[in-house]
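Below you'll find the structure, written out as structure tokens, and then a few comments.
The values are calculated or read from the model by the stated rules, or taken from the named source; none is laboratory data. Note that the structure is predicted; figures quoted are calculated from it, not measured. No Cβ is skipped: glycine too gets one built from the backbone with ideal geometry, and neighbour counts run over all protein chains shown.
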Amino acid sequence: MNLRVLIAFARKELVQTLRDRRMRSMLFIAPVIQLTLFGYALHDEVRNIRLAVYAAPSDTLAWDIARRAEGTGWFRLVRPPRSPYEGLASGELDAALIAPPGGITQAVGRGGGEMQLLLDGSNTTRAQGVAQYLDAVRRDVIQERVDHGVAGPPALTLATRVLYNPTLESKYFMVPGVLAMLLLMVTMTLTSSSITREKELGTFETLLASPVGTGTILVGKALPYVLLGLADLPIILGVAYFVFGVPVRGTFWELYVATLAFVGCTVALGILLSTAAQNQQQAMLGSFLALYPFQMLSGIIYPLDNMPKWLYWITYFNPLRYFAVLIRNILLKGGAPTLFWPNVGALALLAAVSLTVAWRRFKPTLN
């Protein structure tokens with residue numbers, strides 16, 4: 001092996017790579033941004049738990065538990081919806097604490113009482129954390145009453161009931177998230193690579209010579225990948241149902257409407273990404289670098305409520321955030337309308353904005 005030739009080749013490749021401003025940004029700036037974002041985002045503690053208490057104002061023991069829970073900094077008391085079941089289904093609540101008829105204070109005074117704790121089991125990690133925290137709060141309140149001269153520890157228990165995932169199977173939480181990630185990866189990567197391939201092959205001259213408008217070209221490039229994404233849905237969903245046993249409690253039309261909005265958004269992002277790439281290598285690297293922030297800032301693995309406010313606001317521009325809520329809501333909760341339509345609307349809006357920006361970036365080139 002000729003060492004001088006080897007060094008010359010390596011030097012040439014290094015100079016060619018670093019000469020490209022886009023490649024320099026991907027190699028040196030993107031990792032710093034990602035590390036900063038992930039350092040703030042990757043927290044698995046259960047925080048900002050939305051807790052509603054269904055108890056009379058005179059039920060002092062129930063409200064002692066509620067105030068102690070809020071005082072820990074982990075819980076946030078919210079106004080109770082009309083029904084705790086509706087609140088948990090719509091995502092307004094993470095947990096509901098329900099006193100027995102007559103109040104838990106009177107029940108304990110008669111020798112023993114039990115409060116019901118309802119949990120949203122669609123997020124297994126969060127549900128387990130809520131149950132543990134509230135049980136610790138219950139023990140603290142009991143110990144406080146003993147320390148204040150109550151004769152013996154009061155018999156106060158929590159009857160925990162987990163909705164939508166009674167056995168707290170982690171796969172019910174993870175598999176829908178992975179399904180969303182796969183659709184994002186396939187559609188965005190294929191779309192961006194397809195357009196940059198035409199740049200490499202020089203077929204843009206054909207587009208320049210054709211009497212076709214920019215909008216027609218973009219929609220024509222996007223439509224096949226939207227259809228491919230929709231075709232992937234029953235395959236991935238079949239694996240989730242038959243292999244992992246994930247239930248499908250919603251309707252198929254809701255699944256397809258949600259997936260259409262999501263895939264339309266990811267394909268539009270792929271087109272937008274291709275406007276900043278000159279070749280397939282840049283497009284693939286750009287897609288790869290974008291996938292990690294999308295994943296980490298979506299709530300698929302790490303809860304969004306743990307993030308600082310400035311980072312939480314960034315998640316509103318992440319289509320995976322909305323689709324993760326949609327797919328879990330449809331599969332596990334049956335598709336609550338209060339979660340379905342706002343998230344579908346957000347995806348449609350992101351798709352329209354992305355396609356508009358891509359059209360503006362392509363227009364000077366194509367026209």
> Which one of the conditions (1) touching a strand residue (DSSP E or B) at 6+ places or on another chain (Cβ under 6 Å); (2) outside any strand (DSSP E or B) does Glu114 fail to meet, given that it meets all the rest?
Replying inline: (2)
> Does Ala268 count as in a loop (DSSP other than H, G, I, E, B) and either surrounded by 21 or more Cβ atoms within 10 Å (Cβ to Cβ) or not assigned by TED's automatic domain parsing to the domain that holds Trp253 (or both)?
Replying inline: no
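Residues are listed down the side, and each one gets a yes or a no for (1) crowded, with 19+ Cβ neighbours inside 10 Å; (2) closer than 18 Å to Tyr225 by Cα:
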| residue | (1), (2) |
| --- | --- |
| Ser287 | yes, yes |
| Ile314 | no, no |
| Leu320 | yes, yes |
| Ala336 | no, no |
| Asn343 | yes, no |
>> Here are the criteria: (1) under 16 Å from the mean Cα position of the chain (by Cα); (2) over 18 Å from Phe262 (Cβ atoms); (3) assigned to a helix (DSSP H, G or I). Tell me which single one Leu350 does not satisfy.
In response: (2)
> Restricting the search to the stretch 65-75, which residues are touching a helix residue (DSSP H, G or I) at 6+ places or on another chain (Cβ under 7 Å) and at pLDDT 90 or above?
Replying inline: Ile65, Arg68, Ala69, Phe75
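Limited to the stretch 278-312, what total is found for residues that are of a type in the set (Ser, Thr, Tyr) and not in a helix (DSSP H, G or I)? Working first, answer last.
Our first condition is that a residue be of a type in the set (Ser, Thr, Tyr); within the stretch 278-312, this holds for 287, 292, 298, 302, 312.
Among the residues that remain, those that are also not in a helix (DSSP H, G or I) are: 298, 302.
Total meeting the criteria: 2.
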> Pro293 versus (1) closer than 21 Å to Met181 by Cα; (2) surrounded by 22 or more Cβ atoms within 10 Å (Cβ to Cβ): which is the lone unmet condition?
Replying inline: (2)
>> Please go through the stretch 301-352 and give me each residue that is over 28 Å from Ala222 (Cβ atoms), touching a Leu at 6+ places or on another chain (Cβ under 8 Å) and of a type in the set (D, E, K, R), ordered by number.
In response: Lys333
